[in-house]
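A.B. asks: To start, I am sharing the structure in question, which I have written as structure tokens.
What follows is calculated from the coordinates using simple rules that are stated; it is not laboratory data. Computed from a predicted structure; not experimentally measured. Cβ atoms come from the backbone with ideal geometry, glycine included; neighbour counts cover every protein chain shown.
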Amino acid sequence: MSSQANPTAKPPLSAFYGPQYWPIWFAMGLLRLITLLPWSLGKQFGRLLGRLLYQVSKRRRVIVEKNIAACFPEFDDKQQRKLVLDTFYANGMGVIETAYAWWSSLGYITKRLDIDGLEQLQQACASDKGVLILGAHFTSPDLGCALLNQQQAFMVTYQRHNNPLMDALILRGRARCLGGAIEREQIRQVVKELKGGNTIWLAPDQDLGPDRSVFAPFFGLQTATTGIASRLAKTTQCHVFFFSHQHVSNSHYRLSLTPLSALPSGDVVEDANIINACIERAVRQYPEQYLWLHRRFKTRPEGETSIY
């Protein structure tokens with residue numbers, strides 16, 4: 001396997017000292033201070049943040065309510081309302097978990113961590129082929145990836161943030177705790193890394209619109225799913241793993257890695273079916289720990305009305 005490249009550059013921050021950026025600096029400074037607290041206390045701040053978001057962000061709350069109602073019709077109204085609130089708690093804690101991933105040693109968590117499938121991943125990474133790790137938008141991908149990166153180095157793909165200061169800070173945080181980052185649109189770079197025997201993390205549970213997606217079932221709904229994972233697996237003949245990370249109790253975490261030997265199947269839609277089924281199984285274990293705050297079902301098949 002070739003040496004792991006690092007395309008991530010730490011952008012200069014001197015251009016972002018203007019007053020329009022002060023609220024972001026204040027928020028980031030507060031998060032940095034929270035990471036100096038014991039982990040258990042920091043997580044309580046996360047719950048408070050989640051509760052605050054639930055109260056003030058009506059738009060996001062409605063999106064979560066619509067997603068939960070569509071994906072868990074078997075839940076009664078009380079169960080759905082509880083899951084909506086728990087989702088905000090988990091996502092608030094996810095913000096704090098991201099801060100700890102960027103700015104702390106994670107030693108406290110590493111002692112309370114279980115990893116399933118690590119040996120299989122390491123064997124694949126030791127081969128001449130590249131490895132594609134398929135993740136999903138659980139509440140803190142940065143923490144999950146940082147914990148796995150301590151065991152096996154890899155790079156992540158990311159979507160550029162529309163705020164330049166946030167984008168710069170995110171890149172710096174990930175440069176510290178991960179093996180590198182590649183912008184999602186730089187597909188040629190991703191292909192090059194995989195063909196070079198390197199390991200890449202990618203989250204395929206994104207709605208990129210009808211022209212860049214295929215429809216595959218997810219919680220019983222036809223869901224726009226990017227076909228990039230299928231095409232990368234076919235083009236590079238890499239190993240493919242599904243990766244999930246979950247907060248199972250208090251400060252105990254579990255990482256799970258599952259080899260997907262059926263990918264590529266030769267059919268982009270069938271590959272999307274396999275991937276979405278993996279994500280759904282993981283989400284159903286701890287449904288509040290998925291990013292229900294985004295409009296996962298924004299693009300609908302022709303003739304279907306929006307659930308939002």
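A.B. asks: I want to check a number: in the chain, how many lysine pairs have alpha carbons closer than 15 Å, given a sequence separation of 8 or more or different chains?
C.D. replies: 9
A.B. asks: For the pair A126 and K192, what calculated FRET efficiency results from E = 1/(1 + (r/R0)^6), where r is the Cβ-Cβ distance and R0 = 30 Å, to the nearest 0.05?
C.D. replies: So the FRET efficiency works out to roughly 0.90.
A.B. asks: Related question: Just to confirm a number: summing +1 for Lys and Arg and -1 for Asp and Glu over residues other than S40 whose beta-carbon lies under 12 angstrom from that of S40, what do you get?
C.D. replies: Value of the local net charge: +3.
A.B. asks: I would also like to ask the following. What residue among A27, A90, A99 shows peak mean-square fluctuation when the chain is described by a Gaussian network model with Cα springs under 10 Å?
C.D. replies: A27
A.B. asks: Treat every Asp and Glu Cβ in segment 137-295 as -1 and every Lys and Arg Cβ as +1, leave all other atoms uncharged, and give the resulting dipole magnitude about the Cα centre to the nearest 20 debye.
C.D. replies: That gives a dipole near 380 debye.
A.B. asks: For the chain, set up a GNM with springs between Cα atoms under 10 Å and report which of A224, A277, A146 has the largest fluctuation.
C.D. replies: A277
A.B. asks: Further, regarding this structure: Pop out the ³J(HN,Hα) list for segment 261-268 in order, Karplus 6.51 cos²θ - 1.76 cosθ + 1.60 with θ = phi - 60°, rounded to Hz; leave Gly and Pro as x.
C.D. replies: Along segment 261-268, the couplings run 5, 6, 9, x, 8, x, 10, 4 Hz.
A.B. asks: Build a GNM of the chain with springs between Cα atoms under 10 Å: which of G29, G227, G50 gets the top mean-square fluctuation?
C.D. replies: Of the options given, G29 has the highest mean-square fluctuation.
A.B. asks: Something else: Where the only charges are on Cβ atoms (+1 Lys, Arg; -1 Asp, Glu), what is the dipole of the chain about its Cα centre, to the nearest 20 debye?
C.D. replies: It works out to roughly 920 debye.
A.B. asks: Would you please give the residues with an amide H less than 5 Å from that of I182, counting only those at least 5 places away or on a separate chain, with H modeled from the backbone geometry?
C.D. replies: The list, which skips near neighbours in sequence, is V156, T157, Y158.
A.B. asks: Karplus couplings for segment 195-200 from phi (6.51 cos²θ - 1.76 cosθ + 1.60, θ = phi - 60°), rounded to Hz, Gly and Pro as x?
C.D. replies: Couplings: 5, x, x, 8, 10, 10 Hz.
A.B. asks: Output ³J(HN,Hα) for segment 289-295: one whole-Hz value per residue in order, computed from phi by the Karplus curve 6.51 cos²θ - 1.76 cosθ + 1.60 with θ = phi - 60°, and x for Gly and Pro.
C.D. replies: My calculation for segment 289-295 gives 9, 10, 7, 5, 6, 9, 7 Hz in order.
A.B. asks: Moving on to the next point. May I ask you to compute the full-extension gain from F72 to D114, defined as 0.36 nm times their residue separation minus their alpha-carbon distance, rounded to one decimal in nm?
C.D. replies: Going from the current span to full extension adds 12.3 nm.
A.B. asks: Can you list the residues, at least 5 places off or on another chain, whose amide H is less than 5 Å from the amide H of V240, using H built in the peptide plane?
C.D. replies: When sequence neighbours closer than 5 places are left aside, the close amide H contacts are L132, L260.
A.B. asks: May I pose another question? Along the charge dipole of the chain, Cβ charges K/R +1 and D/E -1, which of L291, L31, L113 sits furthest on the positive end?
C.D. replies: L31
A.B. asks: For R60, what charge total do you get from the other residues with a beta carbon under 12 Å from its beta carbon, if Lys and Arg give +1 and Asp and Glu give -1?
C.D. replies: Local net charge: +4.
A.B. asks: How much net charge surrounds E97 when only other residues with a Cβ under 9 Å from its Cβ are counted (Lys, Arg +1; Asp, Glu -1)? Provide the component values of the computation, followed by the final result.
C.D. replies: Numbers: positive: K43; negative: D142.
Charge balance in the 9 Å sphere: 0.
A.B. asks: Among L49, I187, F218, which residue has its Cα positioned farthest towards the positive end of the charge dipole of segment 14-289, with +1 placed on the Cβ of Lys and Arg, -1 on the Cβ of Asp and Glu, and the dipole taken about the Cα centre?
C.D. replies: Of the options given, the answer is L49.
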